[in-house]
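Chemist: Take a look at this one; I'll ask things after.
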């Protein structure tokens with residue numbers, strides 16, 4: 001595929017949907033602002049310590065590797081709200097992308113250009129699964145540095161002071177891990193985006209209803225008819241499965257001893273990477289569905305004749 | 001060089017009963033400006049959609065030697081179209097529109113588009129939604145004229161524009177774009193607007209071609225007789241394809257190419273004879289060939305000029 005064409009098509013998407021660019025920036029700004037205004041020292045990290053900060057951070061300051069892990073988990077957790085906002089924006093983008101062009105009949109202009117339907121649909125898929133996530137990755141990287149700077153200034157001379165140390169090596173590894181996550185998420189959510197594109201290219205009007213009603217009706221039907229909720233489980237696994245994998249809350253068992261907190265930090269740190277998901281059949285089942293769905297979307301756009 | 005468009009028995013059915021194209025047969029040679037004309041619902045737009053590969057159909061249709069159903073992607077390198085007016089999206093900024101076409105079209109000459117645009121009042125940072133309908137068409141034309149295409153398809157390109165923009169549109173098309181190698185296929189129901197620039201006419205009605213002729217061949221094919229009421233009976237006896245009355249004068253159109261039809265000289269005995277204009281012919285043939293003339297309200301207004 002011609003790179004210049006692809007680049008132009010991706011730019012085109014950002015011209016039409018400014019929100020794809022702005023939403024991550026605004027979310028990042030809110031996070032930085034929150035860190036700035038927060039009266040809690042940490043501002044951006046949830047650690048349930050039951051008032052044992054002194055003891056735990058004393059342990060931590062003698063344990064470099066755990067300290068680095070906590071540093072990574074903390075900054076890594078900052079990405080999650082940004083990802084959630086981006087996902088909502090991307091979902092609406094995908095629903096609009098092949099519907100608006102028919103509604104305003106601009107599809108006749110796009111189709112007057114030597115761009116194949118596969119290129120067009122591909123550019124929309126790439127925008128949703130790569131362009132926006134990579135943008136979020138970049139923006140969150142800057143935001144996490146800003147948050148770190150703010151918090152470390154506040155922490156000077158408190159029991160939490162060990163958090164104020166910057167570990168360049170750990171930081172680089174964290175960013176690379178997050179980049180991996182972007183790619184794993186792209187594979188995991190590909191069928192969801194393709195489903196939204198499918199409804200977008202198919203719906204005569206109101207693609208939102210077309211996207212939401214069928215699964216809701218199926219869930220209700222299954223619940224009433226068979227008193228089971230496999231479909232609901234299937235959908236929620238696809239929607240939230242990635243975040244279950246990326247569970248960064250540090251909530252040690254109730255005793256909150258130093259040892260259990262250290263253990264929790266290590267556990268969370270292990271959760272930062274989602275590469276394990278590549279070994280699940282769920283993920284590859286989704287990828288195969290997405291590929292099939294992609295060809296259906298391309299075909300529908302090719303022959304849809306109602307503009 | 002072969003035909004730019006070759007259509008043989010092209011059929012298209014919508015649903016179970018509506019036959020939009022009922023066996024189209026025609027050829028369009030390179031370097032022609034062809035008017036595809038017909039009343040609303042005649043199949044003009046469907047025919048264009050088939051040519052542009054936007055709709056499935058049956059039969060044999062070759063555009064620049066390619067089948068628009070299966071080779072659309074490569075075909076669009078050499079074919080441009082303006083389908084209707086105002087299909088540029090409202091959110092698109094003028095400079096982005098230029099960037100876009102420059103990015104995706106290998107035969108786009110950006111400098112040329114800039115040149116054409118600089119002759120208008122269109123600002124580069126305006127969004128399409130802020131432009132008037134006439135300006136949007138100017139922008140679209142500037143984009144299209146900078147593409148070195150072999151076939152340009154225009155579907156009602158001036159619909160809803162005021163007179164000045166309409167005249168400008170066709171003037172720039174003819175003066176700055178057409179070079180006798182390119183081919184232009186235009187549909188319109190404002191026949192009088194294009195009749196002076198066409199080299200060929202295709203009349204379509206109920207999905208069939210009713211007339212396929214070069215403009216040069218029309219005089220040897222049709223004659224129009226204008227006469228007073230005294231000679232109506234004689235004229236009718238010569239079997240005109242069309243008849244109409246305007247202010248007490250009678251106009252008859254004859255197909256003089258048919259066997260047994262009167263010659264132009266014979267007609268001259270009954271009144272003034274000339275070649276009918278394309279709009280007159282349009283009205284005559286689109287009324288189904290019967291000679292009552294003033295039946296169909298849609299076209300009689302056009303014919304009564």
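Rule-based calculations on the coordinates, nothing more; no lab input. In this text, all values refer to a predicted model and were calculated from it rather than measured experimentally. Neighbour counts run over all protein chains shown; Cβ positions are idealised from the backbone, glycine included.
Chemist: Restricted to Cα positions, what overall size does segment B:1-124 have along the principal axes? Three whole-Å values, descending.
Modeler: 48, 34, 25
Chemist: Something else now. To the nearest 10 degrees, how steeply does helix B:133-145 sit against the main Cα axis of chain B, on a 0 to 90 scale?
Modeler: Here the helix axis deviates by roughly 80 degrees.
Chemist: If I take all pairs of Cα atoms in segment B:5-213, what percentage of them are more than 20 Å from each other?
Modeler: 57
Chemist: Moving to a separate point now. Report, to the nearest 10°, how far helix A:79-97 tilts away from the longest principal axis of the Cα atoms in chain A, using its own Cα long axis and a range of 0 to 90°.
Modeler: For A:79-97 against chain A, the angle is about 10 degrees.
Chemist: Give me the one-decimal nm value for the distance between modelled label points at residue A:226 and residue A:142, 7 Å along each residue's Cα-to-Cβ direction.
Modeler: Result: 4.9 nm between the two label points.
Chemist: Between residue A:237 and residue B:190, how high is the FRET efficiency from 1/(1 + (r/R0)^6) when r is the Cβ-Cβ distance and R₀ = 51 Å? Nearest 0.05.
Modeler: Details: r = 60 Å, r/R0 = 1.17.
Calculated value: 0.30.
Chemist: Let me ask something else. Just the number, please: percent antiparallel of the DSSP beta bridges in the protein assembly as shown, rounded to the nearest 5.
Modeler: DSSP beta bridges in the protein assembly as shown are roughly 65 percent antiparallel.
Chemist: Could you tell me whether segment B:73-148 comes out rounded, prolate or oblate from its Cα gyration tensor? Rule is a ≥ b ≥ c as square roots of the eigenvalues, rounded for a/c under 1.5, then prolate if a/b exceeds b/c, otherwise oblate.
Modeler: prolate
Chemist: In whole angstrom, how far apart do the alpha carbon centroids of segment A:161-192 and segment B:153-173 sit?
Modeler: Taking the Cα centre of segment B:153-173 as reference, the centre of segment A:161-192 is 56 Å away.
Chemist: Does anything in segment B:7-39 have its amide N under 20 Å from the 7 Å Cα→Cβ label point of residue B:58, and if so which residues?
Modeler: Taking a point 7 Å out along Cα→Cβ of residue B:58, the residues of segment B:7-39 whose backbone N falls under 20 Å are B:7-26.
Chemist: For residue A:267 and residue A:84, calculate 0.36 nm times their separation in residues minus their Cα-Cα distance, and state this gained length in nm to one decimal.
Modeler: Computed gain between residue A:267 and residue A:84 is 63.6 nm.
Chemist: So, one more: What per residue convex hull volume, in Å³, do the alpha-carbon atoms of the protein assembly as shown yield?
Modeler: 203
Chemist: What's the FRET efficiency of residue B:14 with residue A:292 using the Cβ-Cβ distance as r and R₀ = 22 Å, to the nearest 0.05?
Modeler: So the FRET efficiency works out to roughly 0.15.
Chemist: Helix A:117-126 sits at what angle to the longest principal axis of chain A, using alpha carbons and giving 0 to 90 degrees rounded to 10?
Modeler: So the inclination is approximately 10 degrees.
Chemist: A further question on this structure: For segment A:3-303, go through all pairs of different Cα atoms, get the mean of 1/r, take its inverse, and jot down that Kirkwood value in Å.
Modeler: Here the Kirkwood hydrodynamic radius works out to 21.3 Å.
Chemist: Considering only chain B, what is the antiparallel percent among its DSSP beta bridges, to the nearest 5?
Modeler: Bridges in chain B that DSSP calls antiparallel: roughly 65 percent.
Chemist: Could I ask something else about it? If you take every DSSP beta bridge fully contained in segment B:81-186, what fraction is antiparallel? Give it as a percent rounded to 5.
Modeler: The antiparallel fraction comes to roughly 20 percent.
Chemist: Enter the Cα centre distance for the pair segment B:19-46 and segment A:193-236, rounded to the nearest angstrom.
Modeler: 44
Chemist: For the protein assembly as shown, what does the helix formula give at 222 nm: sum of -39500 (n - 2.57) over DSSP H segments with n ≥ 4, over the residue count, nearest 500 deg cm²/dmol?
Modeler: The helix contribution divided over the protein assembly as shown gives -16000 deg cm²/dmol.
Chemist: Suppose R0 equals 22 Å; then what is the FRET efficiency for residue B:126 and residue A:18 from their Cβ-Cβ distance, rounded to the nearest 0.05? Walk me through the numbers on the way to the answer.
Modeler: Details: r = 16 Å, r/R0 = 0.74.
Efficiency, rounded to the nearest 0.05: 0.85.
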